[in-house]
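The values are calculated or read from the model by the stated rules, or taken from the named source; none is laboratory data. Keep in mind it's a predicted model, so treat the numbers as computed, not measured. A quick note on method: Cβ atoms are made from the backbone with ideal geometry, for glycine too, and the neighbour counts reach across all protein chains shown.
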Amino acid sequence: MKQALASVIANRQVAADVFVVRLEEADQARDVRPGQFVHLRCGPTYDPLLRRPLSVLRTGACPVNDLPPTQYEVLYDVVGRGTAAFSRLRPGDLVDVLGPLGRPFQIERTTRRLLLVGGGVGIVPLVALAEAAVRRDLAVTLLCGFRDSSKVFPSDQLPAEVEYRIATDDGSAGQHGYVTTLVPEYLSWSDQVCACGPVPMLKALGRLDRPKSLPVQIAMEERMGCAMGVCLGCVVPTRRGPQRVCRDGPVFALDDMGWT
Amino acid sequence: MDVSNLAVNCAPKHPNDLWLKNPVMTASGTFGYGTEYAKLVDVNRLGAIVSKAITLRARDGNAQPRIAETPSGMLNAIGLQNVGLNACVKEKAPIWASWDVPVIANVAGFSVDEYVRVVETLSATDGVAAIELNISCPNVASEGKSFGLTCEDAAMVTAAARSVCDVPLIVKLSPNVTDIVEIARAVVDAGADALSLINTIPGMVIDVRRRAPFLANVTGGLSGPAIRPIAVRIVWQVAQAVDVPLIGLGGITCADDALQFIMAGATAVQIGTSTFVNPRTALDVLEGIEAFLDAEGVGDVNELIGIAAKNDRPARER
């Protein structure tokens, strides 16, 4: 983990208002693990004030993709002034990046068939995890829900080995409805589940009937201040007491969240 | 020229004094218990660290959302989440005792008795150099009205803390009052060795899509550069009225911001929200003050404390 100026290599649009920025910072590219995030300053001024936490989409340190090992990519949806500033980044610009931060996903040693469940930009850490899993020759299925066809993460951005199925809220692409309607048929197939998305999606996932032995890890999205564990802005209640998404998470065991 | 003197005494009336090797501290709630930023910041270079607010019992804090970004600022309603007095004494204070940098324990409470119990224990704990009293908390005995709102309540809790506190006692004032100068006088008369100015300013954001308050707690405390001019004005006003050291805070991002507080009358400053944006802010401020003193030929930072009062016409007219 470090605070560094990363240089922008590319900043390309992949869906409606959704961009992927490629950054060069060798230590961060080497150290980041799937599920971890980086905390990007929006610009040199104090307005917008806070950094924005962005999950890492892929790193060149994982040889499954064609990125140089010193580069990594983050994805963002333009939703406000901070992310709008990111969309104006050009190759050669420098960005103040803190990271990598947070606890990553852990693939169990016995896992052979990994089920990934995403909602919206919650797909981001799952792409990084899918690449790491493909590298370990695991079978990977990625199910992801989006608002509509314009927001769908393109399949050509994923390793060919990954089975990718999508759902949209309005039925304009893939299955009509929530991603959780796709999940049940895979629950007996998979031996580990990792998920990231809005809390209602994660709660719906928790309510599905699943084998007791099937471990489910989730990555939480939360508004953050410092991302260093001090401001306590991102704290969520869990069965282990209040936990900081930035430092104790973002990856938690689904069963620790106390949702029913 | 020789290196300028940066050392300041934040409690000259107290037998222990509170000498800091420089006037730059971190503000309560923005630097945790001092350990979290250790990878990014050499904490021993700081003048002092002020801990997260400690209460008698551990607290879980408020529901989400707890923070909201605002123009050049942020609102927070964390709800005083902290490990509680016992865990602080057992787990945090031993680490503080091993550091060169003095740690000032920030104390919060919901009754005078709670303040007294926490202050009494912490002031006798190795590793605690001073106490900073957060009197912006709701007083359960007074229908939840904050202790910091009236001279009587502020003086009462200060005097009670003073009577059990063996280390320097700093009282942090809320700006959310009609006349902060009156409160400052009352708190100093009740035994405060120094004042921290200012705590956050109550504020609110509405989520127009949900047509509802944005924060789960409805209101929160505004911090960041947005409040800096208010904080500088309050330091200026209080500096004319009391004779104890003032510690200025509110939206400091750089050395010039910090120097505004010092020239308004602050002996030291605290860096708060800006640490979230740039973890190195406190060290940047320190280095910037050193560079300013060097460039301006000022041999001692103490010469600048309150200097603007001696030049109280706008610079343009001179």
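Quick notes
- The stretch A:156-176, subset assigned to a strand (DSSP E or B) and not aliphatic (A, V, I, L, M), residue farthest from A:LEU129 (Cα to Cα): A:HIS176
- If only residues of the stretch B:253-292 that are assigned to a loop (DSSP other than H, G, I, E, B) and out of contact with any Phe, Trp or Tyr (no Cβ under 7 Å at 6 or more places or on another chain) are counted, the one that is farthest from B:ASN76 (Cα to Cα) is B:THR267.
- All conditions in (1) closer than 19 Å to B:ILE252 by Cβ; (2) buried (at least 23 other Cβ atoms within 10 Å of the Cβ) hold for B:ILE54, with the sole exception of (1).
- Selection status of B:GLY47, facing chain A (nearest Cβ under 9 Å) and touching a strand residue (DSSP E or B) at 6+ places or on another chain (Cβ under 6 Å): no
- Only one of the listed residues (A:ARG113, A:ARG109, A:ARG165) is more than 29 Å from A:LEU23 (Cβ to Cβ) and in contact with an Asp or Glu (Cβ under 6 Å, 6 or more places away or on another chain). That residue is A:ARG113.
- Members of the stretch B:233-252 that are part of a loop (DSSP other than H, G, I, E, B) and out of contact with any helix residue (DSSP H, G or I) (no Cβ under 8 Å at 6 or more places or on another chain): B:PRO245
- Some residue of the stretch A:223-230 being within 14 Å of chain B (Cβ to nearest Cβ), at pLDDT below 95 and within 21 Å of the chain's Cα centre (by Cα): yes
- Consider the stretch B:199-243 and keep the residues that are away from chain A (no Cβ under 14 Å) and small (Gly, Ala, Ser). The one that is surrounded by the fewest Cβ atoms within 10 Å (Cβ to Cβ) is B:ALA212.
- Some residue of the stretch B:85-101 being surrounded by fewer than 19 Cβ atoms within 10 Å (Cβ to Cβ), in a loop (DSSP other than H, G, I, E, B) and touching a Leu at 6+ places or on another chain (Cβ under 8 Å): no
- The condition (being within 25 Å of A:GLY225 (Cβ to Cβ) and either acidic (Asp, Glu) or more than 11 Å from chain A (Cβ to nearest Cβ) (or both)) is satisfied by just one residue among B:ALA93, B:ALA58, B:ALA105: B:ALA105.
- Which listed residue is within 14 Å of another protein chain (Cβ to nearest Cβ), small (Gly, Ala, Ser) and more than 14 Å from B:THR200 (Cβ to Cβ), from B:ALA53, B:ALA63: B:ALA63
- Residue in the stretch A:63-72 that is in contact with a helix residue (DSSP H, G or I) (Cβ under 8 Å, 6 or more places away or on another chain), at pLDDT 95 or above and outside any loop (DSSP other than H, G, I, E, B) present: yes
- The residues of the stretch B:166-198 that are assigned to a loop (DSSP other than H, G, I, E, B) and buried (at least 24 other Cβ atoms within 10 Å of the Cβ), listed by number, are B:PRO168, B:LEU173, B:ALA192, B:ASP193, B:ILE198.
- Considering the stretch A:22-46, and only residues there that are more than 14 Å from the chain's Cα centre (by Cα) and part of a strand (DSSP E or B), the residue that is surrounded by the fewest Cβ atoms within 10 Å (Cβ to Cβ) turns out to be A:GLU24.
- B:GLY29 more than 20 Å from B:ALA266 (Cα to Cα), among the small types (Gly, Ala, Ser), within 12 Å of chain A (Cβ to nearest Cβ) and within 13 Å of the chain's Cα centre (by Cα): yes
- Close pairs (8 angstrom Cβ cut-off, 6 or more residues apart or separate chains): outside the structural domain of A:LEU205 (by TED's automatic domain parsing) in the stretch A:161-183, surrounded by 15 or more Cβ atoms within 10 Å (Cβ to Cβ) and not basic (Lys, Arg) anywhere: none
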